[in-house]
Amino acid sequence: MLVTSDQTAPLRSRNARMALPWVTTAARLVVAGVLIVAGWLKIGNPVLSVHAVEAYELLPGSVATAVGYGLPILEIVVGVLLVVGLLTRVAGIVAALLMLAFVIGIASAWARGLRIDCGCFGGGGQLASGQDPSYFWEIVRDAGIFLLAGWVVWFPPGRLALDSALGLAPEREPYDPEFEHDEVDDGGAEASQNKGSD
Amino acid sequence: MGGKATRESRARDRIRAQREADRKRHERRRIVTYALAAVVAVAAVAGGWLYAANQSQSETASGKVAPVTLQPDGSVVMAQPGVEKPVLDIYEDFQCPACKALEETSGTTVKNLAAEGQVKVVFHPITIFSAEPTKSNSVRAGAAARCVPSGQWLAYHDKLFAGQPSEAVEGFKLDELVAWGKEVGVTSPDFDKCVTSQEHAALQGDYTAKVLKQGVVRGTPTVILNGKELGDEAFSPSQLRKAVLDASK
């Protein structure tokens, strides 16, 4: 009943078909690695995490406090979701939004001439004497992670993802929609769901 | 499904219905799994959030404070008479935001523990910054604190942290430093001159150099309990209290 079209696929398209999910997996792991490290370094010290958020002077006091307490655990949970490939698209969206927020925050701090440690990797505010914040590279790094997270959102869930094992993957792997469409009859939804769980 | 339908069309309908049912069943299972995973993830975030908020909960001030004595070397001791150990060394810079965060979170715990006679607290106000404007801000504040008599020192110490300027601007201005002394009840006639002439600026620098030479302090705040540096637990009032009580056993 399940029609696989691998045999009839042109070679290049087939290679791309094989490679793209692995790119997503790699992107997931890089984004997750950054998030988990960043969260882990902050999670032991919520007070400094709050302080790091306050240092940006962008959020009102109580909101900054709430964000400071919640950010490290959020980063870790989203990171873990990306590692195992569960709720991949949602996790990717959250990761991308976080990176976007960081880029905006850092750029705004830079523009206002604030001299703060970004607090990205813990220890916010403990900018050692004479040490200058390297806003430019922080923005480049976070923008890069943002793009990778964007890839994950666009092409979820990649290989080795719980989403596939649990049948949560999107109905059709979206990177080559034409390809399956031709081959699969009106049972397409069911077919691709079966495929998702193999 | 009417009687007029042919057998073939009934069979097609049945297959279609079967497929539809399968599809719905799959969809339902998908939604349930998805929701379950989402709920677990959100619960983990909420749980972590609550734990973080709980860990950072400050104690309420008991209102009692242990006597403060200014040491000749520039450090300041807060302890009940006769309490010699455990010793809690706090190396701090009045301009350092993390020191302010420590003070706001664990300051009352430190005061309470000293008042209860559980610990001898030694404050070491130093200047960790080497760039401007933070360096001069820190020196002005540190030098001014050395003009304050022991009776008002702790209140002045708290006042300095409460009034900490941003790291990007010149702050701890001399007139502010004088005014805050008055607010906490300093009456000594020499106080104004001591602050405005920055009489103890050199001492602040010397003491900083001495502390940094010892090599135990790499940044501020550094909190050392009986010679052992405390990490994040210094920022968690409940963990700090436990560490101190364990050390006094």
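Quick check: at a probe of 1.4 Å, how many percent of the accessible area of the range A:19-168 sits on carbon and sulfur atoms? Could the numbers behind the result be given before it?
Working: 4760 of 6220 Å².
Of the solvent-accessible surface of the range A:19-168, carbon and sulfur hold 77 percent.
In whole percent, and with a 1.4 Å probe on the protein chains, what portion of the accessible area of chain B is carbon and sulfur? Can you show the working numbers first?
Details: 7150 of 12720 Å².
That fraction is 56 percent.
Please give the total accessible area that chains B and A bury against each other, computed with a 1.4 Å probe and expressed in Å² to the nearest 100.
Numbers: alone 14150 and 10970 Å², together 22200 Å².
Protein heavy atoms only, the B-A interface buries about 2900 Å².
Suppose all protein chains stay in the model; what accessible area per residue would a 1.4 Å probe give for chain B, in Å²? Let's see the in-between values first.
On the way: 12720 Å² over 249 residues.
Per residue, chain B has an accessible area of 51 Å².
What do the square roots of 5 times the Cα gyration tensor eigenvalues come to for the range B:1-55, in whole Å, largest first, as semi-axes of the equivalent ellipsoid?
50, 7, 4
Put A:Tyr69, B:Tyr34 in order of accessible area, largest first, 1.4 Å probe: what do you get?
Working: A:Tyr69 35, B:Tyr34 75 Å².
Ranked list, largest accessible area first: B:Tyr34, A:Tyr69.
Could you report the range A:19-168's accessible area per residue, 1.4 Å probe, as an integer in Å²? Mind showing how you got there, number by number?
Details: 6220 Å² over 150 residues.
Accessible area per residue, the range A:19-168: 41 Å².
I'd like the orientation of helix B:237-247 relative to chain B: the angle between its Cα long axis and the longest Cα principal axis, in ° from 0 to 90, rounded to 10.
60 degrees
Based on the Kirkwood radius over alpha-carbon pairs, what is the Stokes-Einstein translational diffusion coefficient of the protein assembly as shown at 25 °C with 0.890 mPa s viscosity, in µm²/s? The partial results should precede the final answer.
Numbers: Rh = 25.8 Å.
The calculation lands on 95 µm²/s.
Classify the range A:19-168 as rounded, prolate or oblate from the Cα gyration tensor: take a ≥ b ≥ c as the square roots of its eigenvalues, call it rounded if a/c is under 1.5, otherwise prolate when a/b beats b/c and oblate if not.
On the way: a/c = 2.41, a/b = 1.87, b/c = 1.29.
Taking the square roots of the gyration eigenvalues as a ≥ b ≥ c, the range A:19-168 is prolate.
How large is the helix-only mean residue ellipticity at 222 nm for chain B, computed as the sum of -39500 (n - 2.57) over DSSP H runs with n ≥ 4, divided by its residue count, in deg cm²/dmol to the nearest 500? Spell out each step's value before the answer.
Numbers: 8 runs with 134 residues, N = 249.
Result for chain B: -18000 deg cm²/dmol, rounded to the nearest 500.
Could you pull out every residue, at least 5 positions away or on a different chain, whose amide H is within less than 5 Å of the one on B:Leu230? Hs are placed 1.01 Å off N in the peptide plane, and Pro or chain starts have none.
Residues meeting the amide H criterion: B:Val223, B:Ile224, B:Leu225.
Amide H to amide H, which residues 5 or more places from B:Ile128 or on other chains are under 5 Å from it, using H placed in the peptide plane?
For B:Ile128, no residues qualify.
Name the residues whose placed amide hydrogens come within less than 5 Å of the amide hydrogen of B:Ala66, ignoring near sequence neighbours (fewer than 5 apart) on the same chain.
Those lying under 5 Å, H to H, from B:Ala66 are B:Ala115.
Note every residue of the range A:72-105 with a reduction of at least 30 square angstrom in accessible area, all protein chains present versus the isolated chain, computed with a 1.4 Å probe, or write none.
Checking the loss per residue gives A:Ile73, A:Val77, A:Leu87.
Using just the C-alpha positions of chain B as equal point scatterers, what log10 of I(q)/I(0) does the Debye formula give at each q in 0.07, 0.12, 0.13, 0.15 1/Å?
-0.36, -0.74, -0.84, -1.04
Relative to the longest principal axis of the C-alpha atoms of chain B, give the angle of the C-alpha long axis of helix B:7-55, reported between 0 and 90° and rounded to the nearest 10°.
10 degrees
Would you mind giving the average projected area, over all directions, of the Cα convex hull of the range B:1-125 in nm² with one decimal?
Numbers: hull surface 58.8 nm².
Orientation-averaged projected area of the Cα hull: 14.7 nm².
At a cut-off of 20 Å², which residues of the range A:12-53 become less accessible once all protein chains are present than in their chain alone, using a 1.4 Å probe?
Relative to the lone chain, where solvent access is computed with a 1.4 Å probe, the range A:12-53 loses at least 20 Å² at A:Gly44, A:Asn45, A:Pro46, A:Val47, A:Leu48, A:His51.
Does anyone have the angle between helix B:201-214 and the longest principal axis of chain B? Alpha-carbon axes, 0 to 90°, nearest 10?
Compared with the principal axis, the helix lies near 60 degrees.
The values are calculated or read from the model by the stated rules, or taken from the named source; none is laboratory data. Computed from a predicted model, the values in this text were never measured in an experiment. Remember, those area values only see protein heavy atoms, side chains included, never the ligands or the DNA or RNA. Shrake-Rupley method; radii C 1.70, N 1.55, O 1.52, S 1.80 Å.
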